[in-house]
Amino acid sequence: MPYKEKKVEKLYYSIGEIADMFNVNTSLIRYWEKEFDVIKPKKNKKGNRFFTIDDINNFYLIHELVKGRGMTLRGAKKKLKENREDTIKNFELVKILKGVRGQLLEIKEGL
C-alpha cells in the first residue's frame, strides 16, 4: 500500500487570516470574540490572538446566523445557548446541500 501524506493543517490562525476567510474586518472578529463566549483564542505575551479550528467552526456558525440568516447578535447568542446541537446539525446540513448544489450547477454547465 503506497504512503499517503496527510494534509497539513495549521494549529493556529491569526486574526488577519480569520478576517480574510470571512471577508470581514478584524474589528468585527474582535467584537464577536467579546460578545460570544464560545470563541476563546490563545494570546501570546504581546496580546496577539491565535485561533484554533474550533474557534473557526464557531465563527462559521456565528457568521451564518448573523450574516446568512440575518439574526441579531442577541438572537444568535440565544440560539447557540439554547439548542447548540440542533444549530450545528442544521449548519452541517446546509453546508452539504450547498456543496451538492454547486456540483449540480457544474454538471448543468457541462451539458
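The values are calculated or read from the model by the stated rules, or taken from the named source; none is laboratory data. These numbers come from a predicted model, not from an experiment. All Cβ positions, glycine included, derive from the backbone under ideal geometry; neighbour counts span all protein chains shown.
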* To do: Report whether or not LEU93 is surrounded by 11 or more Cβ atoms within 10 Å (Cβ to Cβ) and part of a helix (DSSP H, G or I).
  => no
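Give the residues of the range 63-90 that are part of a loop (DSSP other than H, G, I, E, B) and closer than 20 Å to ASN25 by Cα, sorted by residue number. Give the derivation first.
Step one: filter the range 63-90 for residues part of a loop (DSSP other than H, G, I, E, B), giving 69-72, 83.
The answer is ARG69, GLY70, MET71, THR72.
Select from the range 41-80 the residues that are hydroxyl-bearing (Ser, Thr, Tyr) and under 16 Å from the mean Cα position of the chain (by Cα) and write down the one among them that is modelled with the highest pLDDT. Write out each step before concluding.
Here is the first cut: in the range 41-80, the residues hydroxyl-bearing (Ser, Thr, Tyr) are 52, 60, 72.
Add one more test, that the residue is under 16 Å from the mean Cα position of the chain (by Cα), and what stays is 52, 60.
Details: THR52: 90, TYR60: 87.
Within the range 41-80, the match that is modelled with the highest pLDDT is THR52.
Would you confirm whether any residue within the range 15-26 is outside any helix (DSSP H, G or I) and surrounded by 13 or more Cβ atoms within 10 Å (Cβ to Cβ)? So that I can check it myself, show each step before the final result.
If we filter the range 15-26 for residues that are outside any helix (DSSP H, G or I), which is where we start, we get 23-25.
Next cut, surrounded by 13 or more Cβ atoms within 10 Å (Cβ to Cβ) only: 24.
Scanning the range 15-26 turns up at least one residue that is outside any helix (DSSP H, G or I) and surrounded by 13 or more Cβ atoms within 10 Å (Cβ to Cβ).
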